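See structure below.
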Amino acid sequence: EDEEVVKQVNIEAQKMVKKTKMNKKIISILPDVIDSTIHAIEVLSNKKISKKSVKIQLLESTIRDEVVISTVGFYGDVDAIFFLIMDKGDVQNVCKILLPEKFSFEELSDAFSEFANMISGKILQRLKAKNINAEATMPRIFDKISEVKKLESTKHGVQINFNIENRDMILFLTN
């Protein structure tokens with residue numbers, strides 16, 4: 001499936017070469033980002049995730065309910081920003097082992113930040129195994145897609161839309 005994703009991204013990239021600053025390094029780490037993220041979510045939520053679409057585009061949210069967004073920057077041999085956009089209920093499910101029975105949005109944000117930190121650590125391990133040296137920033141958490149779009153409104157990236165039990169999840173990777 002990784003080869004299929006990279007093939008789809010390469011097709012999209014050829015169409016967008018003149019419009020974006022996407023580079024081969026970003027596309028080359030995509031399978032590591034996808035695998036690390038999906039594996040962690042499936043293990044912690046006990047839910048199966050399926051891929052719906054892969055496109056190079058501006059960030060576009062298909063999630064209409066309350067969302068929680070994590071961003072992590074990578075720098076070194078590869079410079080990239082990773083966004084994980086999930087329905088608030090799915091975030092609660094994934095982070096349930098890190099949360100008390102009753103919790104505030106601040107506690108949910110802290111738990112999702114820890115979860116994103118685990119994912120970025122796994123991504124860094126996979127990159128190191130490929131002799132790609134990189135570091136990661138601490139995750140930032142947002143609760144409004146508009147806040148993230150202000151940061152990345154003019155950047156194209158690879159957007160992968162996923163499905164978790166008929167709910168959308170978005171992974172967006174840009175430079």
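Percent of accessible area on the chain owned by carbon and sulfur, 1.4 Å probe?
Numbers: 4490 of 9320 Å².
For the chain, the apolar C and S fraction of the accessible surface comes to 48 percent.
Which angle from 0 to 90°, rounded to the nearest 10, does the C-alpha axis of helix 2-16 make with the longest principal axis of the chain?
For helix 2-16, the angle is close to 60 degrees.
What angle do you read, to the nearest 10 degrees and between 0 and 90, between the alpha-carbon axis of helix 24-45 and the longest principal axis of the chain?
In the chain, helix 24-45 runs at an angle near 20 degrees to the longest axis.
Could you go through the range 75-82 in sequence order and give the Karplus-derived ³J(HN,Hα) for each residue, using 6.51 cos²θ - 1.76 cosθ + 1.60 with θ = phi - 60°, rounded to whole Hz, and x for Gly and Pro?
Whole-Hz 3J(HN,Hα) from phi for the range 75-82: 9, x, 5, 9, 10, 7, 10, 10.
At 222 nm, what value in deg cm²/dmol follows for the chain if DSSP H runs of at least 4 each add -39500 (n - 2.57) and the sum is divided by all its residues, to the nearest 500?
Taking each H run of at least 4 residues, the total per residue is -14500 deg cm²/dmol.
Report, in degrees rounded to the nearest 10, the 0 to 90 angle that the Cα long axis of helix 105-129 makes with the longest principal axis of the chain.
40
Compute the relative contact order of the range 71-170 as a whole-number percentage, counting only Cα pairs closer than 8 Å that sit 6 or more residues apart in sequence.
That works out to 37 percent.
Using 32 Å as the Cα-Cα cut-off, could you pick out the over-long pairs in Lys52/Lys122; Lys25/Lys144; Lys102/Lys130?
The answer is Lys102/Lys130.
Considering amide H positions built from the backbone, and no H for Pro or chain starts, which residues 5 or more places from Val67, or on another chain, come under 5 Å of its amide H?
Correct list: Lys88.
Could you work out the relative contact order of the chain? I mean the mean sequence separation of Cα pairs under 8 Å and 6+ apart, divided by the number of residues, in percent.
Working: 286 pairs, mean separation 60.3, N = 175.
About 34 percent, as a whole number.
Per residue and in cubic angstrom, what volume does the convex hull of the Cα atoms of the chain have?
Expressed per residue, the convex hull around the Cα atoms of the chain is 108 Å³.
At 1.4 Å probe size, with every protein chain present, just tell me what the per residue accessible area of the chain comes to in Å².
53
The values are calculated or read from the model by the stated rules, or taken from the named source; none is laboratory data. Just so it is clear, the model here is predicted, and its values are computed rather than measured. Keep in mind that these areas ignore ligands, DNA and RNA; they rest on the heavy atoms of the full protein, side chains included. Shrake-Rupley method; radii C 1.70, N 1.55, O 1.52, S 1.80 Å.
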